[in-house]
Every structure is written in C-alpha cells, then in structure tokens.
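The values are calculated or read from the model by the stated rules, or taken from the named source; none is laboratory data. Predicted model only: the values in this text are computed from it and were never measured. All Cβ positions, even for glycine, are placed from backbone atoms using ideal geometry, and neighbour counts span all protein chains on display. Accessible surface is based on the protein model in full, side chains and every heavy atom, while ligands, DNA and RNA are left aside. Shrake-Rupley method; radii C 1.70, N 1.55, O 1.52, S 1.80 Å.
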Amino acid sequence: MNKVIKCGLTTVVFVIVLINSINIKDLDKVRTKKESGNFEAGACAQNFWEQQRTVSIEEAVNLSQLLTRLEQSFDSTAARGQQVGISDYRYFMVQGSGTIEGISEDDVVVVLDKGRKIRLATGFIFGNTMRNAVSQIDIGEFMNMTQFNEVSIQINNLVQENIVPILEERAETGRSVSFAGALSIDVETRQLDSLRIIPLQIDIEEEK
Amino acid sequence: MEHLTFALIGFLLVSCSKQPTENEKPKMAVVISTLNNPWFVVLAESAAEKAREMGYEATIFDSQNNSAKEAEHFENIIASDYDAILLNPTDADGSVVNVEMAKDAGIPTFCMDREINSKDAAVSQVISDSFSGCVKLGEYFVRELNRSGTYAELLGLVGDNNTWNRSMGFHSVVDKFPDLEMVAQQSADFDRNKAMEVTESILQAHPEIDGIFCGNDAMAMGAYQALVAAGKADQVKVFGFDGATDVINAIVINAIGEGNIAATGMQFPKMIATKVAEFADQYLNGNQDIDNKIPIDVELVTQKNVEEYK
C-alpha cells in the first residue's frame with residue numbers, strides 16, 4: 001500500500017515539475033509581441049504620408065544638379081546626404097524629369113538631360129532607402145530597431161499601393177515624366193551610372 | 001576604548017573603499033551572451049583587446065545564453081567597481097534590468113551587436129543593421145529561386161531582437177512573391193547542432209524544398225551538413241547571416257560548383273567591438289554626446305563578390 005502511495009506521489013510530483021519546466025510559446029505570437037508591443041508602425045507611416053510627404057518633396061534636390069556636383073566633387077556633395085549609423089550609403093530626396101526610354105518588370109528607365117539614365121522602381125521596393133532619405137524620421141524616437149524597421153515596411157507599402165500603380169498604368173516609351181523620390185548613393189563604389197529611385201511622386205504627361 | 005573602536009572602524013572603511021593607486025588601471029567588463037560561437041569570441045576578444053590598448057584592465061564574462069548568469073555577472077561587476085560594461089545582451093527585454101542596475105550603481109553600459117528594449121538604460125547601442133542585411137539577402141533569395149518554390153526558415157533565439165529583425169527583413173521581401181511558399185519555420189537557437197537536427201526533420205516532412213534561410217551562419221552550416229547527409233546539397237540553396245569563415249569558404253566552393261551555400265550577410269564584429277570600446281572610453285573621459293543607437297551596415301556576400309571577403 002505504502003509503495004502505491006509513494007509511486008502515486010512521485011508521479012504527481014514528476015508531472016507538476018514537468019508541466020512547470022516546459023514553456024511552450026507560439027512562434028507567431030512571440031514574433032507579433034516582439035514586432036509591435038504598443039507601437040503602431042502603420043500609423044507612424046500614415047502620419048508621414050499625410051503630414052510630411054509634401055515637405056519632403058518640396059525639399060528634394062534637383063537630380064541633374066546633384067549628379068553634376070557628385071561628378072565634380074563627390075565627397076563633399078555625398079556628405080550632404082542623410083546617413084544612418086555607420087554606413088557606406090548616403091540618402092537624398094531628389095526630383096527631376098525626363099523621357100521614358102523603356103519599361104522592365106521592376107523598373108521604368110528614364111533618360112534625363114545630358115543623356116543620363118536612371119530607373120524608377122516599380123518592383124523590389126524594399127529596405128530603408130525611403131525612410132532614410134526622409135529627414136523627419138529619427139532613429140532616436142524608436143524603442144528598438146524592430147520598430148524603426150517596421151516603419152520602412154509600411155512606407156514601402158504606401159509607395160507600392162499609391163505611387164507604383166500610376167507608373168504601371170501610364171508609363172509608355174517616349175512619354176515625359178516628372179518625379180520625386182528617394183535615392184541612395186554608395187560612397188564606397190561611387191557608382192552613378194545605374195541609379196534607382198524609389199518614387200514618392202509621379203506625374204506622367206497625358207497622351208498626345 | 002570608544003576611541004579605539006572608532007579608529008578601527010575608520011581604518012576598515014579606508015582600507016575597504018576604492019582608492020585607485022597610480023598603478024591601478026580603470027576596468028572594463030566585457031559581458032558576452034555566449035562564447036560557444038566563434039563569432040561572439042571574436043566580438044569579445046576584440047572589445048577586450050581595444051580596451052586594453054586604451055589602458056584599461058579588461059575581463060570577459062560568458063553569460064552562456066542565460067539571463068540569470070548575465071545578472072550574476074552584473075552583480076559581481078558592480079561589487080568589483082568596474083568603470084564601464086561592454087555588453088552583448090542575452091535577451092532584449094531580460095537584459096534591461098541588469099543594465100538599469102548598473103546605471104543605478106553609476107556604471108555605464110554600452111551594448112554591442114544586440115540591442116536592449118530601452119531608449120535610455122544603456123549609454124549607447126552599436127548594432128548590426130540586421131534588417132537591411134536580410135532585405136538584401138531576401139532580394140537575392142528571390143532572384144536565386146526565380147521568384148517561385150518552397151523554403152524553410154531557421155530562426156535564432158526567440159528572445160533576441162536580431163532574430164526577428166533578420167526574419168522581418170527577409171519576409172518584408174519574400175512575402176511579396178506569392179509563388180514562394182514557406183513550408184516550415186523553426187527555431188534552432190543560433191546553434192549548429194540544433195540546426196542540423198531541425199533540418200533533418202524538415203527534410204523528412206518536405207523533401208522537395210528549394211531553399212533554407214538561416215538566421216546565422218552556424219545554423220547555415222548545420223543545415224548544410226544535414227543536406228549533405230541527405231544527399232540534397234546540390235538541390236537546396238542555403239542562405240546564412242554573419243560572414244563566418246566556414247560559410248565564406250563554402251560560398252567559394254559553391255562558386256566552383258561543389259556545394260550550395262548561396263549567400264551570407266557579412267557583419268563586422270571587430271568594428272562593432274572597437275567602436276563600443278572607443279565610445280566607452282570617450283564617455284569615461286567626459287564626452288556625453290554619444291549617439292544612443294548606431295546601426296552598422298551588413299554587406300551581401302555571394303559567389304560574385306566572395307573573393308573580396310576571403
């Protein structure tokens with residue numbers, strides 16, 4: 001009888017210890033908790049879109065002038081761009097105009113004055129180029145990098161939803177296009193011949 | 001008798017209090033999440049080396065990926081009157097209390113590589129920009145798989161922000177391509193052996209996967225080992241993160257067609273450690289104007305540019 005009680009008690013203790021030593025968490029729930037907390041990246045991005053986007057476009061530098069200055073004096077001109085942390089990239093909000101030369105799966109190729117070519121992104125709009133080019137979004141205001149990066153994702157989504165359709169629907173070879181958008185310059189490679197701009201505003205001429 | 005007691009107490013207080021002599025060096029503690037991973041060994045030793053180079057006595061503490069162990073280290077560090085702590089945290093939330101405890105004791109903490117979820121507990125946090133690095137990896141992944149196929153993801157420690165920043169960066173790209181389907185997502189704790197076991201079980205359930213995205217290179221090597229054992233090393237493309245030497249070598253071998261580690265994100269542990277030690281030194285010498293959060297670029301390493309990183 002004693003043996004049965006001992007075995008029973010041992011089993012109960014074992015089960016209690018076992019239950020308390022295992023902590024099963026759903027990865028999706030952990031991820032959601034890590035990603036959001038009380039922070040709403042969508043609201044932050046929407047605030048930028050509605051309140052600050054116009055200012056960013058107004059403050060954008062002329063792309064042709066920027067490229068000329070970079071060709072003449074790369075270091076001092078690149079130093080005027082936005083920089084986040086320790087990075088080889090400098091970010092600018094730029095504006096310009098040109099003629100559409102070609103359309104590919106992820107880009108619209110535009111010829112600027114002096115024959116320079118740039119690409120306006122319609123696909124592969126990822127990463128922090130837009131967020132970093134916009135001077136109003138400060139890393140110091142965020143609890144952690146997760147929040148700071150979520151804002152990038154949301155702004156990229158807004159670009160994809162609101163700006164890219166204009167390019168996809170109306171871009172045709174030979175048409176004139178005016179644009180404003182975010183540009184990153186690699187100060188290590190110093191390449192200026194395959195620049196890709198994430199568009200923030202697009203204006204394409206009506207069909208003649 | 002009363003005078004004698006006071007004299008004795010006074011003597012004890014004087015002898016117990018910190019009285020730096022001319023020969024006594026200021027001290028920096030280097031607290032590392034784990035020394036069971038070569039990447040963190042480089043981080044720890046680089047930080048300690050830089051501290052010593054600047055005239056500090058430096059001691060490395062191994063937290064063994066255990067927040068309780070890290071807390072013990074902090075208690076010892078505070079009791080031993082260290083001047084600054086260079087911390088690679090074990091947990092973004094769990095480590096905050098340790099850093100605040102040190103702050104209350106007047107010892108500044110500087111985080112390296114991993115961050116804590118606090119704006120002001122640490123003086124500064126120098127961290128790899130894991131999100132951006134994994135956006136680059138995600139873009140390369142999409143192109144390598146021609147925008148369609150099935151894949152698995154091996155996550156790191158679920159309590160570490162880097163785990164989720166890497167995963168989030170990768171998914172911010174890959175999830176936009178509906179023909180790319182994730183069939184398994186499991187944590188392997190940044191550990192090579194666990195990654196091998198997890199990959200073995202994933203391959204049993206999904207033998208036809210096209211790619212495996214791993215949150216660090218140790219897991220990439222573990223996944224690759226499992227693929228080799230299953231005879232699938234040429235079929236499944238593996239993507240890592242860190243820039244570890246064995247993965248760089250595997251990418252070189254892949255470039256000549258004998259393997260399948262496709263890419264990694266190159267982090268710079270020596271640069272992170274050196275910057276953090278320099279910031280700590282500047283702060284101790286009166287510079288209060290140090291940025292709180294400093295991300296460092298991660299570079300994409302593929303067959304095309306691997307020679308630059310050998």
- Taking Cα pairs closer than 8 Å and at least 6 residues apart, the relative contact order of chain A in percent is 24
- Per residue of A:135-146, what is the mean number of Cβ atoms on other protein chains within 10 angstrom of that residue's Cβ? 5
- Task: Assuming R0 = 56 Å, can you tell me the calculated FRET efficiency for the pair B:Ala79 and B:Gln303, based on Cβ-Cβ distance, to the nearest 0.05?
- Result: 0.60
- Burial order of peptide ranges B:177-183, A:141-147, B:208-214 (average beta-carbon count within 10 Å, highest first): B:208-214, A:141-147, B:177-183
- Task: Report relative contact order for chain B in percent, whole number only (criteria: Cα-Cα under 8 Å, sequence separation at least 6).
- Result: 17
- Item | Per residue accessible area in Å² of the protein assembly as shown, where ligands, DNA and RNA are left out and the probe is 1.4 Å | 47
- Query: With all protein chains present, how much of the accessible area of the stretch A:115-189 (probe radius 1.4 Å) comes from carbon and sulfur, to the nearest whole percent?
  - Reply: 41
- Item | R0 of 22 Å, Cβ-Cβ distance B:Gln204-B:Met182: FRET efficiency to nearest 0.05 | 0.80
- Across the stretch B:139-154, in residue order, what do the Karplus-derived ³J(HN,Hα) couplings come to in whole Hz, using 6.51 cos²θ - 1.76 cosθ + 1.60 with θ = phi - 60° and x for Gly and Pro? 5, 5, 4, 4, 5, 5, 8, 6, 6, 8, x, 10, 8, 10, 10, 9
- Distance (nanometres) between label positions extended 7 Å along Cα→Cβ at B:Ser148 and B:Val228: 3.3
- Query: So how much accessible area does A:Glu169 have, in Å² to the nearest 10, using a 1.4 Å probe?
  - Reply: 140
- Query: What residues does the stretch A:49-93 have that are buried by at least 40 Å² of accessible area in the full protein assembly compared to the chain on its own, 1.4 angstrom probe?
  - Reply: A:Ile86
- Task: Can you find, among A:Val110, A:Gly96, A:Val151, the residue farthest towards the positive end of the dipole of chain A? Put +1 on the C-beta of Lys and Arg, -1 on that of Asp and Glu.
- Result: A:Val151
- Task: Compare each residue of the stretch B:273-310 in its chain alone against the assembly with all protein chains, and report those whose accessible area goes down by 40 Å² or more; 1.4 Å probe, heavy atoms.
- Result: B:Lys293, B:Pro295, B:Asp297
- Per residue, what volume in Å³ does the Cα convex hull of chain A take up? 179
- Return the carbon/sulfur percentage of the accessible area of chain B, one whole number, probe 1.4 Å, all protein chains in place. 50
- Sites B:Asn292 and A:Lys6, calculated FRET efficiency, Cβ-Cβ separation with R0 56 Å, nearest 0.05: 0.45
- Message: Past 29 Å, Cα to Cα: identify those pairs from B:Lys69/B:Lys270; B:Lys69/B:Lys176; B:Lys69/B:Lys136; A:Lys6/B:Lys194, in the order given.
- Response: B:Lys69/B:Lys176; B:Lys69/B:Lys136; A:Lys6/B:Lys194
- What ranking do B:260-267, A:84-91, A:71-78 get when scored by the average of other Cβ atoms within 10 Å per residue, highest first? B:260-267, A:84-91, A:71-78
- Task: Please report, in whole Å, how far the alpha carbons of chain B spread along each principal axis, starting with the longest.
- Result: 87, 35, 31
- Unit charges on C-beta of K, R, D, E only; dipole of chain B, Debye: 360
- Message: Could you tell me the relative contact order of the stretch B:73-223? Use alpha-carbon pairs under 8 Å, at least six residues apart, and round to a whole percent.
- Response: 21
- Message: I'd like the interface area for chains B and A: accessible area of each alone minus the complex, both sides summed, 1.4 Å probe, protein heavy atoms only. What is it in Å² to the nearest 100?
- Response: 3000
- Across the residues of B:92-99, average count of Cβ atoms on other protein chains within 10 Å? 1
- Sort B:198-206, A:179-187 for me by packing, meaning the mean count of neighbouring Cβ atoms within 10 Å per residue, highest on top. A:179-187, B:198-206
- Of the options A:Val187, A:Ile163, A:Ser176, report the single residue whose Cα projects farthest towards the positive end of the charge dipole of the stretch A:154-208 (beta-carbon charges: Lys, Arg +1; Asp, Glu -1). A:Val187
- Task: Output ³J(HN,Hα) for the stretch A:150-164: one whole-Hz value per residue in order, computed from phi by the Karplus curve 6.51 cos²θ - 1.76 cosθ + 1.60 with θ = phi - 60°, and x for Gly and Pro.
- Result: 4, 4, 4, 4, 5, 5, 4, 4, 5, 4, 4, 7, 9, 9, 4
